[in-house]
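J.: Handing you this structure, nothing more for now.
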Amino acid sequence: MSTHTYKHIELTGSSEKGIEEAVQNALAKASETIDNLRWFEVTDTRGHIEDGRIAHWQVTIKVGFTLE
């Protein structure tokens, strides 16, 4: 059995559509420069309000990836 060492970072993604897309946006951007993404954990959820309506969602996540 192999062992792994993980590093984790914190990211905040945003979306006008919803929480899931905000997470996807953060992960998509991170995957452009970070290899071996393995897991994420949502640590905070919030939104921005304009004219009494949700303008966009913001989701902060911890993202773990394996070190080579």
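The values are calculated or read from the model by the stated rules, or taken from the named source; none is laboratory data. None of the values given here were measured: they were computed from a predicted structure. Cβ sites come from the backbone with ideal geometry, for glycine too, and all protein chains shown count toward neighbours. We work out accessible area using only protein heavy atoms, side chains counted, and drop any ligands, DNA or RNA first. Shrake-Rupley method; radii C 1.70, N 1.55, O 1.52, S 1.80 Å.
J.: Nearest 10 degrees is fine. How inclined is helix 19-31 to the longest principal axis of the chain, computing both from alpha carbons?
T.: 40 degrees
J.: Run the helix sum for the chain: -39,500 (n - 2.57) per DSSP H stretch of 4+ residues, divided by residue count, reported at 222 nm to the nearest 500 deg cm²/dmol.
T.: -6000 deg cm²/dmol
J.: Ignoring ligands, DNA and RNA, what accessible area per residue does the chain give at 1.4 Å, in Å²?
T.: 76 Å²
J.: Tell me, what % of the accessible area of the chain is carbon and sulfur with a 1.4 angstrom probe?
T.: Details: 2400 of 5140 Å².
With neighbouring chains kept in place, the figure for the chain is 47 percent.
J.: While we're on this one: Just flag the chymotrypsin sites (Phe, Trp or Tyr not before Pro) in segment 1-66 sitting in loop per DSSP whose Cβ has no more than 15 other Cβ atoms within 10 Å.
T.: Listed in order of number, the matching sites amount to none.
J.: With the contact rule set at Cα under 8 Å and sequence spacing of 6 or more, what percent relative contact order holds for the chain?
T.: Contact order relative to length: 45 percent.
J.: Follow-up question, since we're still on this one. Can you pull out the trypsin sites (Lys or Arg not before Pro) in segment 9-51 that DSSP calls coil and that have at most 13 other Cβ atoms within 10 Å?
T.: For trypsin sites (Lys or Arg not before Pro) across segment 9-51 that sit outside H, G, I, E and B with at most 13 neighbouring Cβ atoms in 10 Å, the list reads LYS17.
J.: Please list, in chain and number order, the residues 5+ apart from HIS56 or on another chain whose amide H is under 5 Å from its amide H, with Hs placed from the backbone.
T.: Those lying under 5 Å, H to H, from HIS56 are HIS48.
J.: Compute log10 of I(q)/I(0) for segment 5-59 with the Debye formula, placing one identical point scatterer on every Cα and leaving out solvent, at q = 0.22, 0.27 Å⁻¹, to two decimals.
T.: For segment 5-59, the Cα-only Debye profile gives -0.82, -1.07.
J.: If packing is taken as the mean number of other Cβ atoms within 10 Å per residue, what is the order of 8-15, 48-55, highest first?
T.: 8-15, 48-55
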